């Protein structure tokens, strides 16, 4: 496989040779070499991990032996996607301060996750967040709903990542879009099927270290060039942009409802993303789970400060250098999302550009692997083992199913990635967060903290939240106008979360308190047992089945 | 895990102490984070000019140090919680586990 990829890389090399004549970037040999080194190293890790992945527990949770520090890096890695690296530095480059508003929204969900759910999740769960949500409720309906919520979130996120990967690689490596998508798909299938969570975690950790080091170096060089003075960085940027508006809140967050709605989606959405929640089962106990969030928050916060500096650095370094400017369209070549990439060239020449390009590609690979594993777990652990087989399944069969599910998801991701090439997919990550916030999160948190939650309440309320989120996204500008071509949006606010999350909670509350069945009574009585376990971890050690 | 252990934990006053202390602590920290974040968002939504004010004689606006401080506050709050939960609260949890086991 390794040779096949090198061959792929080489042929890509030849193919890309003519790309420079079509106005794309020059072929970047160093980028390709560094990327191949990364691929070889990660395949080596996968081989190592495959030998250690024998049981279902190994496959889903890396045997539960990841430390808090490692998990913190891996969580940060999952969160620092190529979209957030290139997207947020690009947003800062274009809009200045507004980029910071976004990063802060993405970050503040983390402390809340730590205070409210991290240790409870670790104490109650086994492999997926549905383990927690269905702890004392009926397995079939709750797991089906949770698996559906997980798969919807994963699929939307995955498509966005695949399309981003294809477009990015096209620009960076000169490789045709379809090839890039297929390559990402094949590599992620290999990592996940053979190496399971252990390989996925280490790929993520390595990439997080590479990304943080690369971004740190960029920010350091930018600060060096401006004499380590923020004032000087900002004043040069203001001189270039000829307006000080970039240092103040702009049009990004215009009305209070949109602002609060975005805040809710980012905060609760983070706490409902299946690939992130799954990481809490890879550590040994609540202590390590807390440390994971502490380190993750630190790394993510640090990373956002770096992207802020890089965005302003891009204004200062790129705007006066014709080699980065697009004379026809105005602005920089490739648009705002390329700001960080061009800045890396301005700082460290083609070698460093190669490094950052390779890291950006590695980032996509690592993130899609985590997503695929979460999606495959929802299929094999929730749908197959607990719904279809009703818990009567041996580990080996369950693992086999998860591997088939990984391959199937990978193929679907490749096909959708190619199908959505020319589509406007800007709404997809927003929708993924909205579904996570409105369907997954309310059920999860209420199952932990509200004794009166019943299966009926969770199913009705969760479905309500899910539907409201989908309908409002379809009626919002991102789909109704930008995709479907209507003139004005029916739903005027950017994000559905303020309504869909509220509907979900009200729905769950109403259908739970009106549930007078005997089963509901049993479910409420079972809360005490669950509560003691969630608070103390008694019964959670070794993650024994329940 | 036998039901007995859960019954013993339930009546252990230390369990109530743990749940109350940790619950209150988590709630206070959550409220601090939410108030800080939503104040920031509401100022942006209702009074963006507040953050556009320049500090000192330069171009740097008030919004920038405020924004960066929120990132640091988020990190510090997770540190404060982890410190106390991994120390004091885990100590209490271990005592509860020990007592419910030794009574068996």
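Considering A:195, A:149, A:174, A:166, which residue is in contact with a helix residue (DSSP H, G or I) (Cβ under 6 Å, 6 or more places away or on another chain) and at positive phi?
Just a single option satisfies the conditions, and that option is A:174.
When you scan the range A:209-238, how many residues do you find that are more than 14 Å from chain B (Cβ to nearest Cβ) and in contact with a strand residue (DSSP E or B) (Cβ under 9 Å, 6 or more places away or on another chain)?
Of the residues in that region, 0 qualify.
How many of the residues in the range B:17-31 are out of contact with any helix residue (DSSP H, G or I) (no Cβ under 6 Å at 6 or more places or on another chain) and surrounded by 16 or more Cβ atoms within 10 Å (Cβ to Cβ)?
Of the residues in that region, 1 qualify.
Applying the selection to the range B:37-64, what residues are more than 9 Å from every other protein chain (Cβ to nearest Cβ) and closer than 16 Å to residue A:264 by Cα?
Passing the criteria: only B:39.
Name every residue in the range B:1-16 that is at the interface with another protein chain (Cβ under 8 Å from one of its Cβ atoms) and surrounded by 17 or more Cβ atoms within 10 Å (Cβ to Cβ), in order of residue number.
B:5, B:6, B:9, B:15
State all residues of the range A:484-508 that are touching a residue at least 40 places away in the same chain (Cβ under 8 Å), more than 23 Å from residue A:105 (Cβ to Cβ) and in contact with a helix residue (DSSP H, G or I) (Cβ under 7 Å, 6 or more places away or on another chain); if no residue qualifies, say none.
Within the range A:484-508, A:507, A:508 meet the criteria.
Can you confirm whether the range B:65-85 contains a residue that is modelled with pLDDT under 90, more than 9 Å from chain A (Cβ to nearest Cβ) and either within 30 Å of residue A:232 (Cα to Cα) or in contact with a helix residue (DSSP H, G or I) (Cβ under 8 Å, 6 or more places away or on another chain) (or both)?
No, that holds for no residue.
Between A:415, A:333, which is surrounded by fewer than 23 Cβ atoms within 10 Å (Cβ to Cβ) and under 24 Å from residue A:43 (Cα atoms)?
A:415
Which ones in the range A:89-110 are over 13 Å from residue A:301 (Cα atoms) and either under 18 Å from the mean Cα position of the chain (by Cα) or part of a helix (DSSP H, G or I) (or both)?
A:89, A:90, A:91, A:92, A:93, A:94, A:95, A:97, A:98, A:99
Please go through the range A:242-282 and pick out each residue that is more than 10 Å from chain B (Cβ to nearest Cβ) and surrounded by fewer than 17 Cβ atoms within 10 Å (Cβ to Cβ).
Across the range A:242-282, the qualifying residues are A:242, A:243.
Determine whether residue B:96 is in a helix (DSSP H, G or I), closer than 30 Å to residue A:257 by Cα and facing chain A (nearest Cβ under 7 Å).
Taking the combined requirement at face value, the residue does not satisfy it.
Consider residue A:47 carefully, then state whether it is more than 11 Å from every other protein chain (Cβ to nearest Cβ) and farther than 25 Å from residue A:168 by Cα.
Yes, satisfied.
Which residues, taken from the range A:114-134, are out of contact with any helix residue (DSSP H, G or I) (no Cβ under 6 Å at 6 or more places or on another chain) and more than 9 Å from chain B (Cβ to nearest Cβ)?
A:117, A:131
Taking only pairs six or more apart or across chains, which ones have beta-carbon atoms under 7 Å, a first residue in the range B:22-36 that is facing another protein chain (nearest Cβ under 7 Å) and free of Cβ contacts under 8 Å to residues at least 60 places away in the same chain, and a second residue that is crowded, with 17+ Cβ neighbours inside 10 Å and not in a helix (DSSP H, G or I)?
B:33/A:108
The values are calculated or read from the model by the stated rules, or taken from the named source; none is laboratory data. Remember, predicted model here, so these are calculated numbers, not experimental data. FYI the Cβ positions are ideal-geometry reconstructions off the backbone, even for glycines, and counts take in every protein chain you see.
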